[in-house]
Amino acid sequence: MTPEELLRRMLLGHFILVGEVRAADVGETGFVDTKTGLSAKILRITYFVELPHNGAYEIAKIIRFAPRGVTDPAQVPVGVEKGRRYAFDLDSIERKHGFLHARMRTALPELIEFGVPPLGAPAGAPAAAP
Amino acid sequence: MTKSKAAYQFATQTLGKRPLFMWTFTFKEALDVKKTRKKWNHLLTLLVKTFTGLCGLRVFELHESHGLHVHLVTNRFLDVNQARKLATQAGWGRVHVMRIPLERAGYLAKYLSKERPECLKRWRLWAGFGDWDWTRVKDVISDSRFSRIYRAAKEAFGWSGRRGFFERMNLATFLEMRTAIEGWKDGFGPGGKRYGECSRFDLFGGSAVDSPF
């Protein structure tokens with residue numbers, strides 16, 4: 001996704017958060033009955049994203065649920081590479097326990113392709129790789 | 001999914017191995033919720049006395065126009081004419097029953113997903129009855145990376161009571177992020193060390209997190 005496309009989507013009303021991925025994984029989350037051992041679980045993809053904030057940064061936790069019926073973590077695409085900047089199309093966001101927690105829609109995060117060095121990058125820095 | 005809904009679904013799975021019966025008890029006219037609850041207690045007492053060994057689950061549903069009514073899932077056949085007689089005796093109106101396959105027993109959980117009306121605040125929206133050991137909400141634990149980390153920290157730092165709850169949540173949230181970013185095992189610090197064996201720097205690095213220990 002180019003910055004122009006990103007801006008266009010935001011102007012259309014999409015709620016998008018952009019940040020550099022620090023970690024991402026697929027894990028099970030749910031409930032367990034300690035009496036019978038029964039469990040109800042669903043696969044969840046979690047992204048930890050670094051957001052620049054006036055010279056400092058903070059980490060946001062963004063979650064996305066795998067489609068119902070998918071039980072194998074290997075079948076769930078994470079869709080990101082650590083250290084690169086992505087756009088996350090959000091469903092909701094809140095500040096909880098001192099950290100940003102967001103929930104994504106079903107679409108995968110989209111890599112931001114900069115034609116020029118990103119805003120705030122040191123002078124002479126190369127453009128981000130596509 | 002809420003913990004209560006999960007507990008209800010686990011309870012339905014242990015109710016029986018045979019098809020179940022779903023009953024619906026309604027009134028002729030809408031009554032207020034307190035009166036309905038009183039009448040439900042009366043009817044349940046009559047049902048349990050008449051049909052020995054009766055057990056199951058009940059769910060309250062607040063309908064927009066019909067007021068509060070009760071859904072019941074039981075694991076044995078009851079004579080509907082006798083049940084109607086008892087319902088009339090307890091002041092109830094229409095009674096409906098249908099057989100449901102075991103896998104659809106969790107169907108009533110949909111009523112637990114609705115937003116809880118103000119008049120049902122602090123009410124048990126569902127409960128078991130009869131002589132069987134159903135899953136209570138307290139028997140259900142959350143299983144996620146965050147909950148595993150929280151439990152490990154609770155054990156390591158000896159957390160108890162409610163004091164410092166928000167600081168603990170902040171700390172567990174921070175540790176969850178650190179665990180994912182550093183690639184630690186859930187509930188353990190660097191090098192697989194327990195939280196209690198880690199130094200402050202091991203766990204928090206240079207970050208300033210309000211820690212309750």
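Among residues of the stretch A:1-20 being of a type in the set (Asp, Glu) and farther than 26 Å from A:GLN75 by Cα, the one that is surrounded by the most Cβ atoms within 10 Å (Cβ to Cβ) is A:GLU5.
Rundown of residues vs (1) out of contact with any Gly (no Cβ under 8 Å at 6 or more places or on another chain); (2) under 21 Å from B:GLY183 (Cα atoms), yes/no style:
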site	(1), (2)
B:TRP126	yes, no
B:PHE129	no, no
B:TRP132	yes, no
B:SER144	no, yes
B:SER147	yes, yes
B:ALA156	no, yes
B:GLY161	yes, no
B:GLU167	yes, no
B:ASN170	no, yes
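Evaluating B:LEU112 against the criteria (1) part of a helix (DSSP H, G or I); (2) at the interface with chain A (Cβ under 9 Å from one of its Cβ atoms); (3) in contact with a strand residue (DSSP E or B) (Cβ under 7 Å, 6 or more places away or on another chain) leaves one unmet condition, (2). On inspection, B:LEU175 does not qualify as more than 9 Å from every other protein chain (Cβ to nearest Cβ) and within 26 Å of the chain's Cα centre (by Cα). For the structure I just gave you, tell me whether A:TYR86 is without any contact (Cβ under 8 Å) to a residue 12 or more places away in the chain, among the aromatic types (Phe, Trp, Tyr) and more than 10 Å from every other protein chain (Cβ to nearest Cβ). No; evaluated as a whole, the condition is false for this residue.
Give the residue, chosen from B:GLY161, B:GLY128, B:GLY189, that is farther than 28 Å from A:ARG44 by Cβ and crowded, with 16+ Cβ neighbours inside 10 Å. On inspection, the qualifying residue turns out to be B:GLY128. Every test in (1) at pLDDT below 85; (2) outside any helix (DSSP H, G or I); (3) crowded, with 20+ Cβ neighbours inside 10 Å is passed by B:TRP23 save one, and that test is (1). You will find that of B:SER142, B:SER113, the residue that is surrounded by fewer than 12 Cβ atoms within 10 Å (Cβ to Cβ) and of a type in the set (Gly, Ala, Ser) is B:SER113 and no other. Figure legend. Inter-residue proximity from the stretch B:17-39: first residues of a type in the set (Lys, Arg), second residues modelled with pLDDT of 80 or more, beta-carbon distance below 6 Å, spacing 6+ or different chains. Indicated pairs: B:LYS28/B:GLY93; B:LYS39/B:ALA90; B:LYS39/B:GLY91. Selection of first residues in the stretch A:50-62 that are in contact (Cβ under 8 Å) with a residue 40 or more places away in the chain and closer than 25 Å to B:ARG145 by Cβ and of second residues that are acidic (Asp, Glu) and surrounded by 12 or more Cβ atoms within 10 Å (Cβ to Cβ), restricted to Cβ pairs under 9 Å at least 6 apart or on distinct chains, gives the following pairs, ordered by first then second residue: A:LEU51/A:GLU20; A:LEU51/A:GLU58; A:GLU58/A:GLU50; A:ILE59/A:GLU50; A:ALA60/A:GLU50; A:LYS61/B:GLU176.
Comparison of B:ARG148, B:ARG116 shows that the only residue that is within 14 Å of the chain's Cα centre (by Cα) and farther than 22 Å from B:PHE21 by Cα is B:ARG116. Within this structure, B:LEU78 fails the test of being surrounded by 13 or more Cβ atoms within 10 Å (Cβ to Cβ), at pLDDT 85 or above and closer than 23 Å to B:THR135 by Cα. Only one of the listed residues (B:TRP132, B:TRP184) is at pLDDT 90 or above, in a loop (DSSP other than H, G, I, E, B) and within 13 Å of chain A (Cβ to nearest Cβ). That residue is B:TRP184.
Applying the criterion of being in a loop (DSSP other than H, G, I, E, B) and of a type in the set (S, T, N, Q) to the residues of the stretch A:34-71, the residue that is farthest from B:PHE10 (Cα to Cα) is A:ASN54.
The condition (being under 19 Å from the mean Cα position of the chain (by Cα) and modelled with pLDDT under 90) is satisfied by just one residue among B:TRP123, B:TRP40: B:TRP123. Taking residues in the stretch A:91-104 that are in contact (Cβ under 8 Å) with a residue 24 or more places away in the chain and within 13 Å of chain B (Cβ to nearest Cβ), and partners anywhere that are in a strand (DSSP E or B) and of a type in the set (Asp, Glu), the pairs with Cβ atoms closer than 9 Å and at least 6 places apart or on different chains are A:PHE99/A:GLU58; A:LEU100/A:GLU58; A:LEU100/A:GLU94; A:HIS101/A:GLU94.
A count restricted to the stretch A:21-48 and to residues that are surrounded by 19 or more Cβ atoms within 10 Å (Cβ to Cβ) and either more than 9 Å from chain B (Cβ to nearest Cβ) or aromatic (Phe, Trp, Tyr) (or both) stands at 6.
The values are calculated or read from the model by the stated rules, or taken from the named source; none is laboratory data. The model shown is predicted, which means the values in this text are computed figures rather than measured ones. Virtual Cβ from ideal backbone geometry, glycine too; neighbours counted across all protein chains shown.
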